[in-house]
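Everything on this sheet refers to the single structure shown next.
The values are calculated or read from the model by the stated rules, or taken from the named source; none is laboratory data. Note that the coordinates shown come from a computational prediction; the quantities given were computed from them, not determined experimentally. Note that each Cβ is placed from the backbone with ideal geometry, even for glycine, and that neighbours are counted across all protein chains shown. Note: areas computed on protein heavy atoms with side chains; ligands, DNA, RNA excluded. Shrake-Rupley method; radii C 1.70, N 1.55, O 1.52, S 1.80 Å.
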Amino acid sequence: MEAKDVEDTESNFRWCWFLLVSVIAILVIVAGVLAILEDLKDSKKDSASHHPGPVVKKYADALEIALQFFDGQKSGKLVNNRIGWRGDSGLLDGIEMNLDLSKGMYDAGDLMKFGFPMAFTATMLSWAILEYEENMKTAKQLGHARDSLKWITDFLINAHPSENVLYIQVGDPELDHQCWERPEAIRGIRPLTQVNTSFPGTEVAAETAAAMASASLVFKKIDSSYSNLLLEHAQQLFSFADAYRGSYSVSIPQVQNYYNSTGYEDELLWAAAWLYHASKDLSYLKYVTELNGQQFANWGNPTWFSWDDKHAGTHVLLSRLNIFGAKGMSSEENLDLQMYRKTSEAIMCELLPDSPTATSSRTKGGLVWVSKWNCLQHAMASAFLAVLFGDYMVTTQISTLYCQGKSYSPADLRNFAISQADYILGNNPMKMSYLVGYGSNYPQNVHHRGASIPVDANTTCKDGFTWLDSINPNPNVAVGAVVGGPFLNETYIDSRNNWMQAEPTTYNSALVVSLLSSLVRSSSVVDSFT
């Protein structure tokens, strides 16, 4: 080979080697850039997951106040109770059936234990704890929330002595409302009401199943045996509710005057949704999708979330599965979950005040207002669902919600929730906090027996009405009570005899606790609780 040929070969070899090294270098640089971008992406996720917004003091303070109402409503042998004017009561409840039904909580300003709204109270407390445990912990209220929940679930366990029997009421409301006395003055044995195979009560059995299933998740990591017991009761109650379908309002007509049910299909879906989350049994997922979704879910038709109608809550709870993803589901189940999500989005669009489909059910001041009886229930429930759905979006990096072509962000949903919370806490035409004990101006004449009668008063059933009719402020402050709320014209009459506006309920407190827990931090993310 001539010298020139050798020289050309070496030159070509060096050139090829240079190209190879250059390509490798470029690939290394590209890989490095991609890695940096992925790290930045993960960093954003980590930031979202582990660095929520700063604490909002007014909501943390309000949460501490709101949780105290549960102590004021407790029946039974009180332990570490924070309400000084309360004592032991209802110690004989259930004794005639060899049951201990002394625990649980009084429903409102009276001395009744109504199982249907009490179970809903427990379900909402559980949901708030599961979604916003870190917020509650930050506000140093997690322990109080769990204690209040367990006070109810202890009662519910004892109220379910066999698979197809559930005690759903302690006391006779007609007799109860003929008296005005402190709970500590309860005398004698109070009548019990049950649902069973002959007198079914699908909605109350299913709601109790939902309460126990959701609570089993709350206690899963801190008391596994109690959690397992709750789940076992939940599964039995759901089977009973589903197998013996019938409204308790039909089986027991007397309940129609107090907590009349408008149907049980929503409770069956609600309970099955919670049971799926608690057990991961795919049969419950199939129940809410392929088997009963089309028939029971009322897809595409937004409704108001309340102790009676669980549709809206069920839509949002099952949207969680669609947004976060659920393992092992069929394509048909996923399509049905999309319908729950689409309905949830329609609910959100109705709540957003400037949406093309915004509901007109509001006061001029912007409060969601649906009913003159206990109007704040719907405002609090709606606000909680809104901020929660927005936090689902934040957590999964979904930036936009579309309402007939107009776009909204999770911040818009949070701002709506804030508007409702602030209205309740005093930003309203009355300049009054509807949360008793919060701020300097709140109702002084709450329709509540224990609050209205001095601790040292020696009253009987009838002469206690002197305190109901008194024009003086309550001698005891029902700390944490959320009263019924304003009329549509945004006025409020602070009178004990105005029970339409002035009576608090335990489930109202569960709703305000849920809402305030979601707002304790200026932004939140939620984790999988299953």
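Residues that are over 22 Å from Thr123 (Cβ atoms) and of a type in the set (A, V, I, L, M) within the stretch 295-331 comprise just one, Met329.
Conditions (1) modelled with pLDDT of 95 or more; (2) under 18 Å from the mean Cα position of the chain (by Cα); (3) part of a helix (DSSP H, G or I), marked per residue:
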position	(1), (2), (3)
Asn334	no, no, yes
Gln377	yes, yes, yes
Leu388	yes, yes, yes
Gln397	no, no, no
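Within the stretch 449-472, can one find any residue that is buried (at least 24 other Cβ atoms within 10 Å of the Cβ), within 20 Å of Ala62 (Cβ to Cβ) and either of a type outside the set (Gly, Ala, Ser) or without any contact (Cβ under 8 Å) to a residue 40 or more places away in the chain (or both)? No, the conditions are met nowhere in the stretch 449-472. In the stretch 217-261, of all residues being open to solvent by less than 70 Å² (accessible area, probe 1.4 Å) and not in a helix (DSSP H, G or I), the one that is farthest from Tyr132 (Cα to Cα) corresponds to Ile252. Check the stretch 414-423 and report whether any residue there is over 19 Å from the mean Cα position of the chain (by Cα) and crowded, with 19+ Cβ neighbours inside 10 Å. Yes - at least one qualifying residue is present in the stretch 414-423. The residue pairs whose first member lies in the stretch 321-334 and is over 18 Å from Leu275 (Cα atoms), whose second member is open to solvent by less than 70 Å² (accessible area, probe 1.4 Å) and outside any helix (DSSP H, G or I), and whose beta carbons are closer than 8 Å, counting only pairs six or more residues apart or on different chains, are Ile323/Thr396; Ile323/Ile398. When we screen Ser514, Ser518, Ser495, Ser524 for residues that are at pLDDT below 95 and either within 17 Å of Tyr59 (Cβ to Cβ) or not basic (Lys, Arg) (or both), the only hit is Ser524. The set of residues in the stretch 303-319 being free of Cβ contacts under 8 Å to residues at least 60 places away in the same chain and open to solvent by 10 Å² or more (accessible area, probe 1.4 Å) consists of Thr303, Asp308, Asp309, His311. Residue pairs whose Cβ atoms lie under 8 Å apart, sitting 6 or more positions apart in sequence or on different chains, and linking a residue in the stretch 497-520 that is without any contact (Cβ under 8 Å) to a residue 40 or more places away in the chain to a partner that is open to solvent by less than 10 Å² (accessible area, probe 1.4 Å), are Gln501/Val483; Gln501/Gly484; Gln501/Gly485; Gln501/Pro486.
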